[in-house]
Amino acid sequence: DKGVNLGVTSGAASNLLHDYEEGTWTAVLAGTGSSSGQGYDNQTMQYTKVGRMVYITGTLDMSSLGTLGGDYLKITGLPFTPDNSNSNSYQPIKTIHFNTAGGTSGAHKVWVVYGANSFMYIYQDNNGGGAQQAASNYEDSTIVGCSGGYLTTA
């Protein structure tokens, strides 16, 4: 019953903005298998949620990679579960990576929200094709800035 009606002169339920939230979340670099011994200089990210849209931003500053098991890397701890509809299963988050292994190649890395899970996979753009990243593509002192949005289920 409470909220702000947007763009209408009558109170239509479809135009009612009743969900707004701001906060922080803790980003954790993990392998798809086991992970241990990671050290962070900063891992607190910010979010703003308006309706189903969640906007995240922040800097993940790794002091130590520790041991990352499994085939690929992911970032865990998203504040809301991403939508899993066909059109929203994979949603990219813009990133800037510093001090990553092989970083001299200039290849762009991106975090990709994975529908119905509270994590993002790490991909690298290889001349138009994407490849999931393994632990060997990161090193101690890696710093990642991120910014982007994704749709949540509710």
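The values are calculated or read from the model by the stated rules, or taken from the named source; none is laboratory data. Note that this is a predicted model, so its numbers are computed, not measured. No Cβ is skipped: glycine too gets one built from the backbone with ideal geometry, and neighbour counts run over all protein chains shown.
Couple of notes before you dig in:
- Subset of the range 95-134 (residues that are among the small types (Gly, Ala, Ser), farther than 16 Å from Thr57 by Cα and at pLDDT 80 or above): Gly115, Ala116, Ala131, Ala134
- Residue that is nearest to Glu139 (Cα to Cα) [pool: residues in the range 69-91 that are surrounded by fewer than 18 Cβ atoms within 10 Å (Cβ to Cβ) and either touching a Pro at 6+ places or on another chain (Cβ under 9 Å) or modelled with pLDDT under 85 (or both)]: Tyr90
- Count of the range 39-80 residues which are of a type outside the set (S, T, N, Q), closer than 13 Å to Cys146 by Cα and not in a strand (DSSP E or B): 1
- Of the residues making up the range 18-32, at least one is in a loop (DSSP other than H, G, I, E, B) and modelled with pLDDT under 90.
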